[in-house]
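Below is one structure, written out as structure tokens, with a few remarks after it.
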């Protein structure tokens, strides 16, 4: 069943966290990873068809903007007891296979997902240089079932506005995907 983003309040300060990076094996925190330009926090997982559908586009998006000073952070918060395909060792394999140019963090406690009010995978939160939320919503209007190409147009527009020092004023459409798999 597809779930929409909760649409966290614009202007919210990014909740702090320290989580293990499944790629490097190091604990990383928001202060280390954030950018003075813009930071995109993404809630992903391995098994969701919506995430699989956008993975290639996410990598392209990140590769297009990392050199412009934008930081990308992926987090998986799914319950791995009931969804073992989302376990940290498998997260590392997916990150390597997809060539993620960003850390892929594991939120075992699910506290970070709760702090961000994340609801689905993928779920996107774009923060400005002061770590205030300026955009939350869909990457674009492509879905696994609608034949539209993955362009990242909504996120690209928001990131470009932030990099130009402008407000993100366009209508923000919730992301849609698999619900986060909460622990019982």
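The values are calculated or read from the model by the stated rules, or taken from the named source; none is laboratory data. Computed from a predicted model, the values in this text were never measured in an experiment. Positions of Cβ are generated from backbone atoms using ideal geometry, with glycine treated the same way; all protein chains shown enter the neighbour counts.
Residue-by-condition table, conditions (1) free of Cβ contacts under 8 Å to residues at least 60 places away in the same chain; (2) over 16 Å from residue 62 (Cβ atoms); (3) crowded, with 22+ Cβ neighbours inside 10 Å:
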residue	(1), (2), (3)
120	no, yes, yes
131	no, yes, no
153	yes, no, no
161	yes, yes, no
165	yes, yes, no
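Show me the strands (runs of 3 or more DSSP E) entirely contained within segment 1-56 in which 3 or more residues are at pLDDT below 95. Write out each step before concluding.
Numbers: elements: 2-4, 18-20, 27-29, 38-43.
Hits in segment 1-56: 2-4.
Would it be correct to say that residue 170 is surrounded by fewer than 22 Cβ atoms within 10 Å (Cβ to Cβ), modelled with pLDDT under 95 and in contact with a helix residue (DSSP H, G or I) (Cβ under 7 Å, 6 or more places away or on another chain)? Give the derivation first.
Numbers: surrounded by fewer than 22 Cβ atoms within 10 Å (Cβ to Cβ): yes; modelled with pLDDT under 95: yes; in contact with a helix residue (DSSP H, G or I) (Cβ under 7 Å, 6 or more places away or on another chain): yes.
So residue 170 fits the description; yes.
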